[in-house]
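Below: the structure, in structure tokens.
What follows draws every value from the coordinates through simple rules; no lab data is involved. All values derive from a computational prediction rather than experimental measurement. Every residue, glycine among them, receives a Cβ derived from its backbone with ideal geometry; neighbour counts consider all protein chains shown.
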């Protein structure tokens, strides 16, 4: 009986405190070599209030974190950070970064991915080519249809606004509120 109670408590605790498994861009690209998955990159900034809300409420929603963890390598990238990264055969840095400054210049990788504002989410396919970008803060319910669409390759069938509207009407969310 005690074992059953402990096991039940574990499942309740893990579903209440779901978390997205974040990694660096380099880690995601290395993981992709052995187990191919698309990459989701969350571009954020430390000063960005909507980014913090998305971290707390959107990415940690049980349905969203499960979908992301199952179908994507999730990368959290500070759009204004000072680190140097080497990917895509290039080296990216932020030469205009000023330590101690609240808002900073955009990182070269952020610019390379055509991100001009945060929050922004960029999805990469299995060949690390951009599929699409979502800009602005999204709730879990707003992000969910995109995660499903892009993970199941259905996005390749949607090439008009009308097809997108049909997809949205037919989509059945797992999120209740």
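For this structure, a couple of remarks:
- Distance in nm between pseudo-label sites at residue 161 and residue 83 (7 Å out along the Cβ direction from Cα): 4.0 nm
- Spatial separation of Cα centroids for the range 65-90 and the range 29-58, in angstrom: 6 Å
- Taking the range 98-171 and dividing mean pair separation by its residue count, relative contact order in percent (alpha carbons under 8 Å, at least six apart): 17 percent
- Straightening the chain between residue 168 and residue 71 buys 32.9 nm, computed as 0.36 nm per residue apart minus the Cα-Cα spacing.
- Packing-based order for 134-140, 153-159, using average beta carbon neighbours within 10 Å, highest first: 134-140, 153-159
- Prolate/oblate/rounded call for the range 120-177, Cα gyration tensor, a/c under 1.5 rounded: oblate
- Note: relative contact order over the chain, using C-alpha pairs below 8 Å and six or more positions apart, is 24 percent.
- Likely footprinting exposure, 20, 160, 132, 148, fewest C-beta neighbours within 10 Å first: 160, 132, 148, 20
- Acute angle (nearest 10 degrees) that the helix 62-71 long axis makes with the longest principal axis of the chain, alpha-carbon atoms: 60 degrees
- Annotation: the antiparallel percentage among DSSP beta bridges lying fully within the chain is about 60.
- Prolate/oblate/rounded label for the range 18-138 (Cα gyration tensor, a/c 1.5): oblate
- Taking the longest Cα principal axis of the chain as reference, the axis of helix 161-170 is set at about 30 degrees.
- Sorting 133, 25 from the fewest to the most surrounding beta carbons within 10 angstrom yields 133, 25.
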